[in-house]
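Student: Have a look at this one before I ask anything.
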Amino acid sequence: MTGGGAPPGRRRGARRRRRARIRRILLTGLVVVSVLLTAGGWVAFRGWQARAHLVNAAGLAEELSVQVLDGDMARAQRTLSALQEQAVAARDATEGPAWRLGRRMPYAGDDLTAVREVSVAVDDLARLAFPTLLRVDLASLVPKQGRLDLGRLRAVSAEVTAADEAVRRTAARLAQVPTERLVTQVREAVTALRAELDRLGHLTSAADRGARLLPPLLGGDGPRTYLLVSQNPAELRATGGMFGAYAVLRAQDGRIRLLDQGSSSSLASFDPPLPVDPQASRIWGDLPGMFPADVNLAPDFPAAAALYREMVRRRTGTTVDGVLAVDPVVLSYLLGAIGPVAVPGGPVLTADTAVRTLLSDSYRDLGAKDQDEFFARAAARVFEALFTKPADPRAFLAVFGRSIGERRILFWSVRSEEQRALAGTRLAGHLPEKDTVPTVGVFLNDGSGAKLGYYLRFTATLTVGDCQPDGRRELRLRVRVHSTAPRSGLTRSVTGLALAGDKYTARTFVSVHTPTAGAVLTGRLDGRDTAMGSGLDGRRQVAVAKVETGPGQTRTLDVTVLTGRTGAGTAELVLTPTATPWTTQVVNAPNCEQ
């Protein structure tokens with residue numbers, strides 16, 4: 001045999017084995033490609049189905065909300081059934097082996113996971129939250145014939161709590177979905193659902209607290225006595241306005257009646273002053289503990305309410321169980337729901353005229369002391385009418401939701417367990433100790449000794465700025481103050497002490513509170529560096545600027561602050577409620593890379 005090669009037969013066998021291996025590889029590849037193509041097509045088809053079901057579910061959920069608020073329970077039940085069918089179909093369309101395989105794919109996997117989480121969230125709401133909310137008769141939450149049915153309120157408490165827990169669980173689950181790498185449509189869907197859950201969560205959380213707290217607060221376990229305080233934004237204070245007048249209310253078995261009324265001026269001043277929080281004292285001195293009209297110079301309603309309660313006790317001997325604060329804007333909202341209310345010694349109040357009557361006309365027609373008394377009578381009469389006049393449940397709940405959202409209704413209880421239940425809500429009236437989102441507070445105090453706040457208009461823009469090397473974030477705040485005050489013709493009861501020099505010029509102390517663990521960097525007024533007072537509010541830095549605004553004038557205050565160590569691209573504003581609501585804008589930015 002010549003040569004070193006293998007025999008021809010052996011070479012032919014080797015070639016056949018190589019061809020067989022190649023065929024197996026190609027066949028395996030074709031099978032894998034076919035599976036992937038089939039799975040991808042199936043996933044795409046199921047995704048289209050899920051999208052259709054979710055779109056239908058969104059429309060049905062909106063219809064359901066309107067029907068519940070309208071009290072149309074028969075239609076609401078039918079809508080809920082249809083919503084549940086669509087929600088189950090969307091959930092079914094996003095499960096199974098093909099969908100699970102698709103969720104592991106590069107690029108599309110994150111989007112498929114997000115669509116799945118949205119489908120599960122909608123289905124959980126349709127099964128767990130909406131049916132419970134449907135069983136709660138909104139009419140039972142509205143006073144009838146002068147009384148709120150506390151037994152019915154207690155009966156629905158467990159159901160409302162269950163609905164709130166379902167909403168919070170769903171929101172927490174959806175919050176875990178990363179959105180940075182999602183396609184635009186999916187990211188917007190997740191963001192929109194998060195926002196809807198946030199709004200629904202505020203509603204269910206408030207309803208849960210109300211169902212648990214209102215029975216004892218309204219005298220279900222024995223009589224309670226409260227101060228109803230009227231905050232007067234014509235003379236601004238951090239929580240909304242000077243405590244100008246008060247009424248003493250008795251609550252028992254769901255009924256409320258007026259016992260007495262008075263004014264801050266009748267309480268006089270306190271020397272020596274009552275003890276004040278040390279941090280507040282370093283900014284405002286002894287004023288909150290000395291003058292009843294100054295207890296709320298700091299944006300801490302629990303501290304202000306406790307001070308005012310003690311002042312009333314020392315001067316009148318009346319001891320109360322809590323303090324409820326409202327302002328004329330709240331009264332105007334309530335009048336829109338219950339209709340006009342006559343006030344002894346003054347004109348009939350309507351939704352359209354209440355703010356002007358209480359904050360402008362009454363100063364022209366009444367003396368300062370008579371105005372305070374009229375203010376107290378007006379607040380008491382409106383709340384009495386709230387319990388005796390028929391009201392549409394939807395309008396009633398909308399009024400309270402709006403008023404609480406704007407921080408115009410504040411409440412403090414002397415009982416620590418009730419106060420803990422209020423913690424973290426807008427009813428509590430103070431900034432949280434720790435931010436979940438970087439929060440900037442802008443709070444206003446009159447420095448004129450006048451009632452010019454009615455004529456002031458405020459705007460605020462908060463812009464999320466650059467990421468810092470140490471993990472902080474720059475925030476740029478712009479506050480504009482505009483005066484619509486006339487140049488003449490106001491009475492002495494409006495122009496007051498004229499501490500700004502010109503009696504038609506409003507002096508406003510603007511306090512800027514940084515996010516927790518933040519810092520104030522710069523402050524400029526009308527483009528020029530301005531001196532600012534400084535202090536602390538817990539773990540927040542505080543800067544205080546003096547802004548004087550004449551008739552027709554607009555002043556611009558720019559303050560730059562730093563957040564704590566966070567890469568968040570979102571921020572929030574908390575503001576002093578004013579006679580005319582603020583115009584606000586928050587300009588968010590992408591999150592910083594961690």
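The values are calculated or read from the model by the stated rules, or taken from the named source; none is laboratory data. For clarity, every value in this text was computed on a predicted model and none was experimentally measured. Cβ placement follows ideal geometry from the backbone for every residue including glycine, while neighbour counts extend to all protein chains displayed. Just the protein is used for accessible areas: all its heavy atoms, side chains included, with ligands, DNA and RNA removed. Shrake-Rupley method; radii C 1.70, N 1.55, O 1.52, S 1.80 Å.
Student: With every protein chain present, what is the per residue accessible area of the stretch 447-557 (1.4 Å probe, Å²)?
Tutor: Result: 43 Å² per residue.
Student: On to the next question. Need one number: nm distance between label points at Q585 and R147, each 7 Å from Cα along Cα→Cβ, rounded to one decimal.
Tutor: In this crude spin-label approximation the distance works out to 5.3 nm.
Student: Sticking with this one: Roll a 1.4 angstrom probe over the protein heavy atoms and tell me the percent of accessible area of the stretch 474-535 that is carbon or sulfur.
Tutor: Carbon with sulfur: 48 percent of the solvent-accessible area.
Student: Next question. Express in nm, to one decimal, how much length is gained between D260 and D370 on full extension, taking 0.36 nm for each residue of separation and deducting their alpha carbon distance.
Tutor: Full extension from D260 to D370 adds 38.0 nm.
Student: Still on this structure: Express in nm, to one decimal, how much length is gained between R313 and L573 on full extension, taking 0.36 nm for each residue of separation and deducting their alpha carbon distance.
Tutor: Contour length minus Cα-Cα distance gives 90.1 nm.
Student: Still on this structure: Solvent-accessible area of W412, probe 1.4 Å, all protein chains present, reported in Å² to the nearest ten, please.
Tutor: 30 Å²
Student: What FRET efficiency comes out for D526 versus D92 if R0 is 51 angstrom and r is the Cβ-Cβ distance? Round to the nearest 0.05.
Tutor: So, using R0 = 51 Å, E works out to roughly 0.25.
Student: Quote the accessible area belonging to K434 in square angstrom, nearest 10, computed with a 1.4 Å probe and with ligands, DNA and RNA left uncounted.
Tutor: Its heavy atoms expose roughly 150 Å² to the probe.
Student: Say each of L497 and A158 gets a label point 7 Å from the Cα, pointing the same way as Cα to Cβ; how far apart are those two points in nm?
Tutor: 5.7 nm
Student: For the stretch 123-134, in order, what is each residue's ³J(HN,Hα) by Karplus, 6.51 cos²θ - 1.76 cosθ + 1.60 with θ = phi - 60°, in whole Hz (x at glycine and Pro)?
Tutor: So the Karplus estimates, Gly and Pro as x, are 5, 4, 5, 5, 8, 9, 9, 4, x, 5, 5, 5 Hz.
Student: Sorted by average packing, counted as other Cβ atoms within 10 angstrom per residue and highest first, what order do 557-569, 467-479 take?
Tutor: The densest-packed peptide leads the list: 557-569, 467-479.
Student: Quick one: if the Förster radius is 35 Å, what FRET efficiency do L536 and A398 give, using the C-beta to C-beta distance and rounding to 0.05?
Tutor: Here the calculated transfer efficiency is 0.40.
Student: I would also like to ask the following. How far apart, in nm, are two points set 7 Å out from the Cα along the Cα-to-Cβ line at A268 and at T461?
Tutor: 5.1 nm
Student: Give the relative contact order (percent, whole number) for the stretch 297-389; include only Cα pairs under 8 Å separated by 6+ residues.
Tutor: With pairs under 8 Å counted, the relative contact order is 24 percent.
Student: Where a ≥ b ≥ c are the square roots of the eigenvalues of the C-alpha gyration tensor, would you call the stretch 163-306 rounded, which needs a/c under 1.5, or, failing that, prolate if a/b is larger than b/c, or oblate?
Tutor: Because a/c hits 1.5 or more and a/b fails to exceed b/c, the stretch 163-306 counts as oblate.
Student: Quick one: if the Förster radius is 30 Å, what FRET efficiency do L128 and A423 give, using the C-beta to C-beta distance and rounding to 0.05?
Tutor: Rounded to the nearest 0.05, the efficiency is 0.70.
Student: Sticking with this structure for a sec: What does the C-alpha gyration tensor say about the overall shape of the stretch 312-469? Classify as rounded when a/c is under 1.5, otherwise prolate if a/b is larger than b/c, or oblate.
Tutor: Taking the square roots of the gyration eigenvalues as a ≥ b ≥ c, the stretch 312-469 is prolate.
Student: May I ask you to compute the full-extension gain from E474 to Q176, defined as 0.36 nm times their residue separation minus their alpha-carbon distance, rounded to one decimal in nm?
Tutor: The span from E474 to Q176 would gain 104.7 nm if fully extended.
Student: So what is the relative contact order of the stretch 332-463, in percent, for Cα pairs below 8 Å that sit 6 or more residues apart?
Tutor: Relative contact order comes out at 20 percent.
Student: Which whole-number percent is the relative contact order of the stretch 118-172 (Cα, under 8 Å, 6+ apart)?
Tutor: Computed over the stretch 118-172, the figure is 51 percent.
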